[in-house]
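Please read the structure below before turning to the comments.
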Amino acid sequence: MAPLQKRAWYGLGMGVIWVIAIVVVFILKGGIGTFNEDTGFRLIYSGLFIGGLLAYFLIMRKPGQVDERDRLIMGRSPVVQLWAVIISVVIWMIALTESYWDEGHIPVVFPYLISNSLFIVNTLAHSVGILIGYQRGVSHG
Amino acid sequence: MASVARIRNRIRRLRFDHDEMTQEELAKRAGCTRQTIIALEQGKYVPSIELAFGIAKAFGVTLEEVFQYEETG
């Protein structure tokens, strides 16, 4: 297994744990309803969010020996990231529109959560894109 | 109907013909990773012209002796 591929697996594994941790914190702390009132909740969430991002960057920062094939795969992973972000935005748009249509407004916490979730999706999709590249193979031209 | 080009290679054969050169050794000579050599031998990767020449040079043969261009369809 190429060093970059190995790191992508570590990144994906860490990312899954990261997402599960955030979801568990949300469930245990009472969800969106208490997010606005509970400062401790927001601090824990922010810590998890920033910690996860830092951990991912630390995992991926030095992938070891990288040759042209690795660079080619890295260069194509942004396509997966783009699609993941687009799909996430669409899901958020539909979910929030349908949930808050009658109220006529969306709680202010959601833009904050949307932007954070897109960071997370983009980060995980980076690893997924790399792993797809190794699985499917690439070629020059 | 448009034809589809496929690049084949004889890297594995050439390695064995050159004193059973290991993938690691070929990778070092050609300037790539062992995993790239593996992918090349499995047909999962088509190299750049630069790497293709590097591999041919590592074997001391011409490019055409390593890589073959085939049209199918």
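Any read-out appearing in this document is the output of simple, stated calculations on the displayed coordinates, not a laboratory observation. It should be emphasised that the depicted structure is a prediction, and the values quoted were computed from it without experimental measurement. For neighbour counting, all protein chains shown are included, and Cβ atoms are generated from backbone atoms with ideal geometry for every residue, glycine included.
If you take the square roots of the eigenvalues of the alpha-carbon gyration tensor of region B:14-64 and sort them as a ≥ b ≥ c, do you get rounded (a/c under 1.5), prolate (a/b over b/c) or oblate? Provide the component values of the computation, followed by the final result.
Values: a/c = 1.44, a/b = 1.09, b/c = 1.31.
Since a/c stays below 1.5, the shape of region B:14-64 is classed as rounded.
If neighbour count is taken as other Cβ atoms inside 10 Å, put A:L118, A:L131 in order from fewest to most.
Lowest count first: A:L118, A:L131.
State to the nearest 20 debye the size of the charge dipole of region B:8-61 about its Cα centre, where the only charges are +1 on K and R beta carbons and -1 on D and E beta carbons. Don't skip to the answer; put the middle values down first.
Numbers: 10 positive and 7 negative charges, 38 e Å.
The dipole of region B:8-61 has a size of about 180 debye.
Classify region A:3-141 as rounded, prolate or oblate, taking a ≥ b ≥ c as the square roots of the eigenvalues of its Cα gyration tensor: rounded when a/c is under 1.5, otherwise prolate if a/b is larger than b/c and oblate if not. All intermediate terms of the calculation are to be shown ahead of the outcome.
Values: a/c = 3.45, a/b = 1.76, b/c = 1.96.
The shape class here is oblate.
Shielding of B:40-50 by partners, i.e. mean partner chain Cβ atoms within 10 Å per residue? Walk me through the numbers before you get to the answer.
Details: counts 1, 0, 1, 2, 7, 9, 6, 6, 6, 2, 2.
Per residue, the number of nearby Cβ atoms from other chains is 4 on average.
Neighbouring Cβ atoms within 10 Å as the yardstick, rank A:R69, B:R15, B:R10 fewest first.
Working: A:R69 29, B:R15 19, B:R10 15.
Taking fewest neighbouring Cβ atoms as first place, the list is B:R10, B:R15, A:R69.
Taking H placed 1.01 Å from N in the peptide plane, check which residues at least 5 places from B:N9 or on another chain put their amide H under 5 Å from its amide H.
Residues meeting the amide H criterion: B:Q68.
Along region A:116-130, what does the Karplus equation 6.51 cos²θ - 1.76 cosθ + 1.60 (θ = phi - 60°) give for ³J(HN,Hα), rounded to whole Hz, x for Gly and Pro?
5, 5, 5, 4, 5, 4, 4, 5, 5, 5, 4, 5, 4, x, 5
For the pair A:Y112 and A:M93, how long in nm is the line joining their label points, each one 7 Å along Cα→Cβ?
Taking the simple label geometry, A:Y112 and A:M93 are separated by 2.5 nm.
Run lengths n ≥ 4 of DSSP H only: what is the helix-derived mean residue ellipticity at 222 nm for the protein assembly as shown, with -39500 (n - 2.57) per run over all residues, to the nearest 500? Walk me through the numbers on the way to the answer.
Numbers: 10 runs with 152 residues, N = 214.
Mean residue ellipticity at 222 nm (helix-derived): -23500 deg cm²/dmol.
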